[in-house]
Amino acid sequence: MRDFWLYAVLGGFAGGVLFRSFFDFGIALPLFLILLGGAGLLVAWLTQEKKTVLAALFLFAAALGVVRLDFAQTVSGDPALDSHIGERVVLEGVVTEEPDERETHVKLAVSIEKAFDESVNSKALVNAPLPNVFSYGDRVKVAGKLARPSTFVDERGKVFDYGAFLAKDDI
């Protein structure tokens with residue numbers, strides 16, 4: 001029975017994240033799940049039924065999963081950079097991952113430390129032309145047009161949210 005507590009919490013959290021990734025009900029969904037979980041705890045206290053406690057834990061964890069994904073999707077980049085989208089900028093930072101070399105360019109994940117002569121704490125994906133040689137940990141100064149990642153349709157016809165994909169790495 002001990003493992004079921006962990007399974008209830010992990011399953012609830014994962015279920016909340018999965019459900020929220022498809023449907024957005026705003027703050028109403030986690031509040032409703034917390035309300036249901038509280039009612040479940042009340043019923044469990046009155047009936048001394050352990051399975052009801054597991055269900056309540058599942059609902060509380062699902063609410064946390066929904067809130068976690070809501071938070072992850074609302075956190076955006078640095079406001080100092082956001083105000084310059086579409087403009088030509090000069091950024092300074094450090095390459096934080098191994099460069100991803102393609103046929104025509106190399107993709108660099110850069111931790112931006114300085115922009116517009118002020119300190120910035122953000123990450124960006126930089127497309128640099130070849131034949132540049134970069135390594136993990138290199139300090140770079142890049143110039144180019146600042147843009148948000150766009151959503152596109154892949155070769156199978158599915159819509160791919162590239163911005164959400166990069167957001168997992170805080171880019």
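Taking Cα centre as origin and charging only the Cβ of basic (Lys, Arg, +1) and acidic (Asp, Glu, -1) residues, the dipole magnitude of the chain rounds to 560 debye. Computed over every Cα-Cα pair of segment 85-132 and binned at 5 Å starting from 0, the pair-distance distribution P(r) comes out as 5, 21, 26, 24, 16, 7, 1 percent.
Note on K50: accessible area approximately 120 square angstrom, rounded to 10, probe 1.4 Å, nucleic acids and ligands left out. Near the amide H of E101, within less than 5 Å, lie the amide hydrogens of K107, all on another chain or at least 5 residues away, with H placed in the peptide plane. The C-alpha atoms of the chain define a longest principal axis, and helix 2-22 lies at about 50 degrees to it.
Structure remark: mean-square fluctuation, Gaussian network model of the chain, C-alpha springs under 10 Å; the largest value among T104, T52, T96 belongs to T104. Taking a ≥ b ≥ c as the square roots of the Cα gyration tensor eigenvalues, with a/c under 1.5 meaning rounded and otherwise prolate when a/b beats b/c, else oblate, which class fits segment 8-55? Here segment 8-55 falls in the oblate category. Computed from backbone phi with θ = phi - 60° and the Karplus coefficients 6.51, -1.76 and 1.60, the 3J(HN,Hα) list for segment 38-46 is x, 5, x, 5, 4, 5, 5, 5, 6 Hz; x is used for glycine and proline. Between P30, V53, L64, the Cα set farthest toward the positive side of the dipole of segment 16-171 (charges on each charged residue's Cβ, about the Cα centre) is that of V53. Average accessible surface for the chain: 68 Å² per residue, computed with a 1.4 Å probe over protein heavy atoms with every protein chain in place. Across the accessible surface of the chain, with the other protein chains kept in place and a 1.4 Å probe, carbon and sulfur atoms take up 61 percent. Residue-wise HN-Hα couplings along segment 58-63, as the Karplus relation 6.51 cos²θ - 1.76 cosθ + 1.60 with θ = phi - 60° gives them from phi, are 4, 5, 4, 5, 4, 4 Hz; Gly and Pro carry x. Taking all protein chains as they are arranged and a probe of 1.4 Å, the heavy atoms of E98 leave approximately 130 Å² accessible to solvent.
For the chain, the Cα-based Rg and Dmax, in that order, read 22.1, 71 Å. Taking amide hydrogens as placed 1.01 Å from N in the peptide plane, the amide H of E113 sits under 5 Å from those of E92, G93, V94, each at least 5 positions away in sequence or on another chain.
The values are calculated or read from the model by the stated rules, or taken from the named source; none is laboratory data. Quick caveat: nothing in here was measured; it's all calculated off a predicted structure. Every residue, glycine among them, receives a Cβ derived from its backbone with ideal geometry; neighbour counts consider all protein chains shown. We work out accessible area using only protein heavy atoms, side chains counted, and drop any ligands, DNA or RNA first. Shrake-Rupley method; radii C 1.70, N 1.55, O 1.52, S 1.80 Å.
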